[in-house]
Ligand code: ARG
């Protein structure tokens, strides 16, 4: 037996939607999150309809009052969502009509759920970008504070995860600051393109009513009105961009998380996690695991998946709106929550890290970190760099075989390798001097790092 009819579109249908279809097509459990934006959009639409004389002013007032009450019901957790409402747009409209009667049925004049949902999503993305930018700034502040606190600490810089050249720990942290700065720029740039009002597009072709989209744009503070109604209802590239910006941000956080995992291992011992940010093992009593960092790394996979999901949803959609687009919300919401969650937990963790400066410093003694400096020294004596590289390579080979550091070679031993060595090579074998010399560009020289930190 077909179920009872109860849909706004029921006029055209002989029977009600099958329960399994209702369940399959409903998005209310996900898109109820858009409620505040749906109400803000509806309010602006209602004000405009009344101002343009498309609905009676008295009905406009009733609608506005009804929407305000519904907003409160939702905020207070009193609003009852039902699956037959299908989505948040219909749930709110159903409640509005319940509350204020037939006047509520005028709100949807000159509007379709297609431009309505596009509006809600743009409002949501715009707001969430504002919030993510704040989270990024807070995270950057935590990086800067940690860098300031350990401004003098030296660690081995790595390439290929092999000891390469000494760098300041602060310099290393500030590399992440740069990355997050660009992430913020990407989000802000995405916000510019999301900042377009789609309302007025109707279902796809525009509306026959004499609406004033500029008024709605002003009330909702959109920078402009969409120029093409088909594009307005069917495009989600602002979500793709948002998810891409999120994926890149997650990559950066994941790289730092990976370093925290490495650094907190006994092999490195560069940092220790506070007990309340680590987890234990259910079997090994001695374990203290960096699960927070591991999860930041692991959740990055989901954030990438969200981007790929959205691109895949879009790739073969004919213009204009298709119901496939309803699937945009789970990846969007998940990236918002995951990226914000990762930023928040790392921001809370950074100030609590114990930095083991001695371990970092001790690690710089291994791996011939100053070999490049000796080659550079030879260059100052007129030796072509390629040749200098070769000479110092031989010095390293010898020291490796004899298990001694470069600093232990006597002048005579250096001179056996090249006649260009003089006693002044010692000055190039000091870590402090090696750091200080790297002053050009974005080098790790303490003066550079100090200047950068002053500007942040
Ligand atoms: N829940 C729908 C979505 O998220 C709203 C738009 C529905 N439009 C339609 N023609 N069925 O995309």
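The values are calculated or read from the model by the stated rules, or taken from the named source; none is laboratory data. Note that the coordinates shown come from a computational prediction; the quantities given were computed from them, not determined experimentally. With ideal geometry, Cβ positions are generated from the backbone for all residues, glycine too; neighbour counts draw on all protein chains shown.
Here are a few things to note about the model shown:
- Among the residues of the range 1-18, those that are modelled with pLDDT of 85 or more and loosely packed, with under 11 Cβ neighbours inside 10 Å comprise 11, 12, 14.
- Test: residue in the range 43-64 that is within 16 Å of the ligand (Cβ to nearest atom), under 29 Å from residue 320 (Cα atoms) and at pLDDT 95 or above: yes
- Against the list (1) surrounded by fewer than 19 Cβ atoms within 10 Å (Cβ to Cβ); (2) in contact (Cβ under 8 Å) with a residue 60 or more places away in the chain; (3) more than 13 Å from the ligand (Cβ to nearest atom); (4) under 37 Å from the mean Cα position of the chain (by Cα), the condition residue 125 fails is (1).
- Within the option set 308, 336, being out of contact with any helix residue (DSSP H, G or I) (no Cβ under 7 Å at 6 or more places or on another chain) and not in a loop (DSSP other than H, G, I, E, B) holds for one residue only, 308.
- From the options 150, 160, 108, 89, residue that is surrounded by fewer than 20 Cβ atoms within 10 Å (Cβ to Cβ), within 16 Å of the ligand (Cβ to nearest atom) and modelled with pLDDT of 95 or more: 108
- All of (1) under 22 Å from the mean Cα position of the chain (by Cα); (2) without any contact (Cβ under 8 Å) to a residue 40 or more places away in the chain hold for residue 180 with one exception: (2).
- If you go through the range 39-79 and keep only what is under 23 Å from residue 222 (Cα atoms) and under 34 Å from the mean Cα position of the chain (by Cα), you end up with 39, 40, 41, 42, 43, 44, 45, 67, 68, 71.
- Verdict on residue 296 being more than 25 Å from residue 187 (Cβ to Cβ), surrounded by 15 or more Cβ atoms within 10 Å (Cβ to Cβ) and in contact with a helix residue (DSSP H, G or I) (Cβ under 8 Å, 6 or more places away or on another chain): no
- Among the conditions (1) within 27 Å of the chain's Cα centre (by Cα); (2) surrounded by 15 or more Cβ atoms within 10 Å (Cβ to Cβ); (3) away from the ligand (no atom under 16 Å from the Cβ), the only one that residue 198 does not satisfy is (3).
- Candidate set from the range 300-310 (those that are within 30 Å of residue 272 (Cα to Cα) and surrounded by 20 or more Cβ atoms within 10 Å (Cβ to Cβ)); member that is nearest to the ligand (Cβ to nearest atom): 303
- Residue pairs whose Cβ atoms lie under 9 Å apart, sitting 6 or more positions apart in sequence or on different chains, and linking a residue in the range 192-219 that is at negative phi to a partner that is modelled with pLDDT under 95 and away from the ligand (no atom under 16 Å from the Cβ), do not occur here.
- When residues of the range 311-333 are limited to those that are within 16 Å of the ligand (Cβ to nearest atom) and not in a helix (DSSP H, G or I), the one surrounded by the most Cβ atoms within 10 Å (Cβ to Cβ): 321
- Counted as qualifying within the range 342-420 are the helices (runs of 4 or more DSSP H) with 1 or more residues that are exposed (fewer than 14 other Cβ atoms within 10 Å of the Cβ) and touching a helix residue (DSSP H, G or I) at 6+ places or on another chain (Cβ under 7 Å), namely 385-402.
- Any hit, the range 276-295, residues being at positive phi and away from the ligand (no atom under 16 Å from the Cβ): no
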